[in-house]
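Visitor: The structure follows.
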Amino acid sequence: MEKILTDSICDALCDAARQKAEELNLDISFAIYDENGLVLLFRRFGDAPAISTKLAPGKAYTSAMMFMPTQQLAKLCVDGGPLMGLQNKDPKITLVSGGYPLVYKGKCVGGIGVGGGRGNEDNIICQHVLEVFEKLI
């Protein structure tokens, strides 16, 4: 299979995350994982909160493994939900918004994670990165 998440694509996505974070005046951590849950890229910008260095990779891993945004998955994992307890089976699963799958031709080829923003800021950065990804592929 053709490799979609090349080093140059990953670098461009990282640059896009950094640029959007700068527009929002945020220091963030950013991660990209492949479809097998393996890290391709991780970067902490400026004074991103220490916890973001755990959350961003966890979000990227989760969205790549579950093929959905982490915010959507979190709703399925609530008490009584259809995926309740999923995070207990895999400690890398991160149920915090700011993780999105990277999809190419209907197949999940990886995931991105952003940490360091407040409220919806991580999602705004992810949406920008997804737009850049669509233009690159």
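Derivation of every value follows stated rules applied to the coordinates shown; laboratory data play no part. Everything numeric here is computed off the predicted structure, so don't read it as measured data. Cβ: placed from backbone, ideal geometry, glycine included. Neighbour counts: every protein chain shown.
Visitor: Show which aspartates and glutamates lie in cross-link reach of Lys89 when reach means a straight Cα distance below 16 angstrom and same-chain residues fewer than eight apart are skipped.
Guide: Result set, ordered by chain and number: Asp79.
Visitor: Then there is this: At 37 °C and 0.692 mPa s, grab the translational diffusion coefficient of the chain from Stokes-Einstein with a Kirkwood Rh over Cα pairs, rounded to a whole number in µm² per second.
Guide: 226
Visitor: Next up: Note down the magnitude of the dipole of the range 7-136 about its Cα centre, charges +1 on Lys and Arg C-beta and -1 on Asp and Glu C-beta and zero elsewhere, to the nearest 20 debye.
Guide: My answer is approximately 340 debye.
Visitor: Counting other Cβ atoms within 10 Å, keep those with at most 13, restrict to DSSP loop, and tell me which GluC sites (Glu not before Pro) in the range 1-89 are left.
Guide: Values: sites: Glu2, Glu22, Glu23, Glu35; in loops: Glu2, Glu35.
For GluC sites (Glu not before Pro) across the range 1-89 that sit outside H, G, I, E and B with at most 13 neighbouring Cβ atoms in 10 Å, the list reads Glu2.
Visitor: A further question on this structure: Quick one: if you take sqrt(5λ) for each eigenvalue of the C-alpha gyration tensor of the range 1-69, what semi-axes come out, biggest first, whole angstrom?
Guide: They are 21, 15, 9 Å, listed from largest to smallest.
Visitor: Just to confirm my numbers, what's the Cα centroid distance between the range 1-51 and the range 57-84 in Å?
Guide: 20
Visitor: Output wanted: per-residue J couplings in Hz (rounded whole) for the range 114-122, from phi through Karplus 6.51 cos²θ - 1.76 cosθ + 1.60, θ = phi - 60°, x for Gly and Pro.
Guide: Calculated HN-Hα couplings, in order: 10, x, x, x, 10, x, 8, 4, 4 Hz.
Visitor: What ranking, highest mean first, results for peptides 99-108, 81-90 when packing means the other Cβ atoms within 10 Å averaged over each residue?
Guide: Details: 99-108: 18.6, 81-90: 12.2.
In decreasing order of mean packing, 99-108, 81-90 become 99-108, 81-90.
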